[in-house]
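Here the structure is laid out as structure tokens; the discussion comes afterwards.
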Amino acid sequence: MANGQLGRLLILCSVFVLGFADLRDLPVLSFDEGYTQLFGDDNLMVVKDGKSVHLSLDERTGSGFASQDLYLHGYFSASIKLPADYTAGVVVAFYMSNGDIFEKNHDELDFEFLGNIRGKDWRIQTNVYGNGSTSVGREERYSLGFDPAEDFHQYSILWTEDLIVFYIDDIPIREIKRTEAMGGDFPSKPMSLYATIWDGSSWATNGGKYRVNYNYGPYIAEFSDLVLHGCAVDPIEQSSKSCDTAPAPDAIPTGITSEQRRKMNRYRKEHLTYSYCYDKARYQTPPSECEINPQEAEHLRAFDPVTFGGGRRGRHHSKRHQKNRSGEGSM
């Protein structure tokens, strides 16, 4: 895509995103309307009049789907129910990426669900890559506070020109504001939306100590209430399809309200277990986009004094974990 074209798309899509308010009124697409199968043969099953998708993982293969269009900014959401019982090594991902187009400088926004041994909770990880900055990684991990295998919960990504917000059940759990110092590390090129389930035995549970046990399979992740609401870009011509024709006056927010921020702060206080911003072994000075919250810093230091205490042992610990995380891509 030429720089001039991309610049015009940025302007148009910024206007498109700014007008919206009640996310619950956004249209839900059927699978055939918005998505296409990525891999997995019959391990992908479309159900309930095309409005829900089951992705399964067995000894043969995982499975996944992708949006038919690329998008430059918008709001993207799905209700997801994860596999139950022993799920060590299983990875379910709901994410945006353009790695198939920009192989060396791709952008990515991740929800990754990391399975666990019986009796231990699923863990959730969010990550942000911009312009191929995979060596940096901007990971955060959280406990969930509920069993994601018992019922559906909504997971959403808001992406604007200057802001990224991750939501669980309409509660923002993470906010990334664009800073001048970030440069191209802030995702800024059109991306597709993906959903996958796959075998992450080599790293996903205790650094690969616990692997997928297919005696408990097949592992099935259920997706419904699929929302693709943004600025669509033609995947072949990479030109604007809808940026200049916003169809509705109200739907996508431009930021976090004071009430949402209160809920976000409470969620992070109770459930945040790792944030790169506070990892003193990786970063002596936090990256420019980090807004340090003293309460979060103290919470994480108490949770894991090795990683967040900044001592010699913490440096060794962090390098080991950074190596593990380097393989934690979505595909």
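The values are calculated or read from the model by the stated rules, or taken from the named source; none is laboratory data. Because the structure is predicted, anything quoted here is derived from the model rather than measured. Cβ sites come from the backbone with ideal geometry, for glycine too, and all protein chains shown count toward neighbours. Surface areas here come from the heavy atoms of the whole protein model, side chains and all, with no ligands, DNA or RNA. Shrake-Rupley method; radii C 1.70, N 1.55, O 1.52, S 1.80 Å.
When ligands, DNA and RNA are left out and all protein chains stay put, how many square angstrom of accessible area per residue does the range 71-118 have with a 1.4 Å probe? Write down the numbers at each step before the final one.
Details: 1170 Å² over 48 residues.
I get 24 Å² per residue for this part.
Leaving out ligands, DNA and RNA, what percent of the accessible area of the range 31-255 is carbon and sulfur, probe 1.4 Å? Mind showing how you got there, number by number?
On the way: 3690 of 8510 Å².
The nonpolar share, carbon plus sulfur, comes to 43 percent.
Output wanted: per-residue J couplings in Hz (rounded whole) for the range 111-121, from phi through Karplus 6.51 cos²θ - 1.76 cosθ + 1.60, θ = phi - 60°, x for Gly and Pro.
Values per residue, Gly and Pro as x: 9, 10, 9, 10, x, 8, 6, 4, x, 10, 6 Hz.
Accessible area per residue, 1.4 Å probe, Å², for the range 133-204: what's the number?
So the range 133-204 comes to 31 Å² accessible per residue, rounded to a whole number.
Return the sequence-ordered ³J(HN,Hα) values of the range 258-273 in whole Hz as given by the Karplus equation 6.51 cos²θ - 1.76 cosθ + 1.60 applied to θ = phi - 60°, using x for Gly and Pro.
3J(HN,Hα) across the range 258-273, in whole Hz: 4, 5, 4, 5, 4, 5, 4, 4, 5, 4, 5, 4, 8, 10, 5, 10.
Quick check on my link table: of K177/K269; K177/K280; K104/K189; K81/K209, which ones sit more than 23 Å apart, alpha carbon to alpha carbon? The partial results should precede the final answer.
Numbers: K177/K269 20 Å; K177/K280 21 Å; K104/K189 13 Å; K81/K209 25 Å.
In this structure, K81/K209 lie more than 23 Å apart at Cα.
Would you grab the residues whose amide H sits under 5 Å from the one on A281? Only those 5+ places off in sequence or on another chain, please, with H modelled 1.01 Å from N.
G310
When all C-alpha to C-alpha distances in the range 31-255 are sorted into bins of 10 Å, what percent of pairs does each bin hold, rounded to whole numbers?
Per 10 Å bin, starting at zero, the Cα-Cα P(r) for the range 31-255 comes out as 8, 33, 38, 18, 3, 0 percent.
Mind checking the full-extension length gain between R118 and T254? Use 0.36 nm per residue of separation minus the Cα-Cα distance, one decimal, nm.
Roughly 44.9 nm would be gained on extension.
Report the far tail of the P(r) of the range 96-213, meaning the percent of Cα-Cα pairs longer than 25 Å.
When all Cα pairs of the range 96-213 are counted, 28 percent exceed 25 Å.
Determine the dipole magnitude for the range 31-255: charges of +1 sit on the beta-carbon of Lys and Arg, -1 on that of Asp and Glu, nothing else is charged, the reference point is the Cα centre, and the result goes in debye to the nearest 20.
700 debye
With θ set to phi - 60° and the Karplus curve 6.51 cos²θ - 1.76 cosθ + 1.60, what are the ³J(HN,Hα) couplings of the range 188-198 in order, to the nearest whole Hz, using x for Gly and Pro?
Values, residue by residue: 9, 10, x, 10, 9, 9, 10, 9, 9, 10, 7 Hz.
Ranked highest first by the average count of other Cβ atoms within 10 Å around their residues, in what order do 290-303, 79-92 fall? Could you put the intermediate results ahead of the total?
Values: 290-303: 14.1, 79-92: 22.5.
So the peptides 290-303, 79-92, ranked by packing, come out 79-92, 290-303.
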